[in-house]
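Asker: Supplied in structure tokens, the structure appears directly below.
The values are calculated or read from the model by the stated rules, or taken from the named source; none is laboratory data. What you see is a predicted model, and the numbers here were worked out from it, not measured in a lab. As a convention, Cβ positions derive from the backbone with ideal geometry for all residues, glycine included, and neighbour counts pool all protein chains shown. With ligands, DNA and RNA removed, areas are computed over all heavy atoms of the protein, side chains included. Shrake-Rupley method; radii C 1.70, N 1.55, O 1.52, S 1.80 Å.
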Amino acid sequence: MKEIKLLALGDVVRPVSCEYISKNLWRFRKENNIDIVIANGENSSETGGIDRESAETLLSYGVDVITTGNHVFKSFDARKLLDENKYVIRPANYPSELPGYGYTLYEAAGKTFLVINVMGVVLMEPLADPFLCVEKILEQNKGKYDISVLDIHAEATSEKLALAFYFDGRINAVFGTHTHVQTADEQIMRGGTAYITDLGMCGPDDSVLGVDAKCIIEKLRMHTPVKFTVTGKKVTAHGAVFTFDALNGKAVKVERVSF
């Protein structure tokens, strides 16, 4: 069986992690025969959002499509970036008047990938219904793609799972981002969708979700605003590799990875 492999990387935390990816991603791609890479870049800039510099670093060193989340508009630079680069997308259930798009089509390995980004609404911003939003995107792009992929940027694991069950068999691969901790529930669902609740993060190991532990401890103990800093110590990239049958696009395997 001829295979197509997609590597999905969890939230990339600050420039130190962009630099790590720039030095290590192509090696991982070649060693594992990866055809397409999707990374969540909403925390990739120095300020914690995404800007042109961080996006261009990721796209220049092996990332093909960048998804985002609730921090996407933290940098004003992101607004122009989202309008100018169709491979940097934002959650589709933000108001349509905002810059950017919630999905993109990407060609790889002779196939067209539909990559969708949506944000959860449980314990997060009260955006539009993510179920309905994804339904509309699938309908709008019917017949235009071979393999579909969904990044659910959400806080609640229950919401991620519910979306995955709802679209099981209609979307080839579904993965969660946002919580920065890689989950151990990778699976092929009953309808054939490959799924994992959270990819984890690409960030410093000796940290709390990528941030220096001292900052988080002070925040939790003192209950006052704290400037988050990122340690420059050892970085690890976490994610998952999704394998598809090249003939019919069906998911045949999903595996947690780190490098």
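Asker: Given the criterion within 19 Å of Glu159 (Cβ to Cβ), of a type in the set (A, V, I, L, M) and in contact with a helix residue (DSSP H, G or I) (Cβ under 8 Å, 6 or more places away or on another chain), identify the matching residue among Ala55, Ala92.
Answerer: On the way: Ala55 fails: within 19 Å of Glu159 (Cβ to Cβ).
When all the criteria are applied, what remains is Ala92.
Asker: Could I ask something else about it? Taking segment 109-132, which residues are open to solvent by less than 60 Å² (accessible area, probe 1.4 Å), more than 15 Å from Lys160 (Cβ to Cβ) and of a type outside the set (A, V, I, L, M)?
Answerer: Selection gives Lys111, Thr112, Phe113.
Asker: May I ask you to say which residue of Ala154, Ala184, Ala164 is under 23 Å from Leu58 (Cβ atoms), small (Gly, Ala, Ser) and touching a residue at least 12 places away in the same chain (Cβ under 8 Å)?
Answerer: Testing whether each residue is under 23 Å from Leu58 (Cβ atoms), small (Gly, Ala, Ser) and touching a residue at least 12 places away in the same chain (Cβ under 8 Å) leaves just Ala154.
Asker: Against the definition (without any contact (Cβ under 8 Å) to a residue 40 or more places away in the chain and out of contact with any Asp or Glu (no Cβ under 6 Å at 6 or more places or on another chain)), how does Leu123 come out, yes or no?
Answerer: Judged against the criteria, Leu123 is not a match.
Asker: Quick one: in segment 207-227, which of the residues that are open to solvent by 50 Å² or more (accessible area, probe 1.4 Å) and under 22 Å from the mean Cα position of the chain (by Cα) is modelled with the highest pLDDT?
Answerer: Applying the filter and picking the extreme gives Val208.
Asker: A further question follows. Answer yes or no as to whether Tyr106 is part of a strand (DSSP E or B) and under 25 Å from Met201 (Cβ atoms).
Answerer: yes
Asker: Would you confirm, using the coordinates I've provided, whether Ser17 is in contact (Cβ under 8 Å) with a residue 60 or more places away in the chain, of a type in the set (Gly, Ala, Ser) and open to solvent by less than 50 Å² (accessible area, probe 1.4 Å)?
Answerer: It is true that Ser17 is in contact (Cβ under 8 Å) with a residue 60 or more places away in the chain, of a type in the set (Gly, Ala, Ser) and open to solvent by less than 50 Å² (accessible area, probe 1.4 Å).
Asker: Those residues that are part of a helix (DSSP H, G or I) and surrounded by fewer than 18 Cβ atoms within 10 Å (Cβ to Cβ), I need them from segment 30-76; list them, please. Walk me through how you get there before you give the answer.
Answerer: Residues of segment 30-76 part of a helix (DSSP H, G or I): 30-32, 52-60.
Scanning segment 30-76 gives Lys30, Glu31, Asn32, Arg52, Glu53, Glu56, Ser60.
Asker: Can you tell me which residues in segment 151-185 are aliphatic (A, V, I, L, M) and open to solvent by 40 Å² or more (accessible area, probe 1.4 Å)?
Answerer: Narrowing segment 151-185 to residues aliphatic (A, V, I, L, M): 152, 154, 156, 161-164, 171, 173-174, 181, 184.
Listed by number, the residues that qualify are Leu161, Ala162, Val181, Ala184.
Asker: Whether any residue in segment 155-178 is of a type outside the set (Phe, Trp, Tyr), touching a His at 6+ places or on another chain (Cβ under 7 Å) and modelled with pLDDT under 90 is what I want to check.
Answerer: So far as segment 155-178 goes, no, none of its residues is of a type outside the set (Phe, Trp, Tyr), touching a His at 6+ places or on another chain (Cβ under 7 Å) and modelled with pLDDT under 90.
Asker: I'd like to know if segment 104-114 contains one or more residues that are of a type in the set (Gly, Ala, Ser), within 19 Å of the chain's Cα centre (by Cα) and under 25 Å from Asn33 (Cα atoms).
Answerer: yes
Asker: When you scan segment 85-103, do you find a residue that is in a strand (DSSP E or B), farther than 22 Å from Lys160 by Cα, open to solvent by 70 Å² or more (accessible area, probe 1.4 Å) and not aromatic (Phe, Trp, Tyr), even just one?
Answerer: Within segment 85-103 (the criterion being in a strand (DSSP E or B), farther than 22 Å from Lys160 by Cα, open to solvent by 70 Å² or more (accessible area, probe 1.4 Å) and not aromatic (Phe, Trp, Tyr)), the answer is no, since none of the residues qualifies.
Asker: Determine if segment 10-24 includes at least one residue that is farther than 18 Å from Phe228 by Cβ and part of a strand (DSSP E or B).
Answerer: no
Asker: What residue, among those in segment 186-205 that are open to solvent by 10 Å² or more (accessible area, probe 1.4 Å) and not in a loop (DSSP other than H, G, I, E, B), is nearest to Ile147 (Cα to Cα)?
Answerer: Ile188
Asker: Just need a number here: residues in segment 63-101 that are in contact with a Cys (Cβ under 8 Å, 6 or more places away or on another chain) and small (Gly, Ala, Ser).
Answerer: Residues meeting the conditions: 1.
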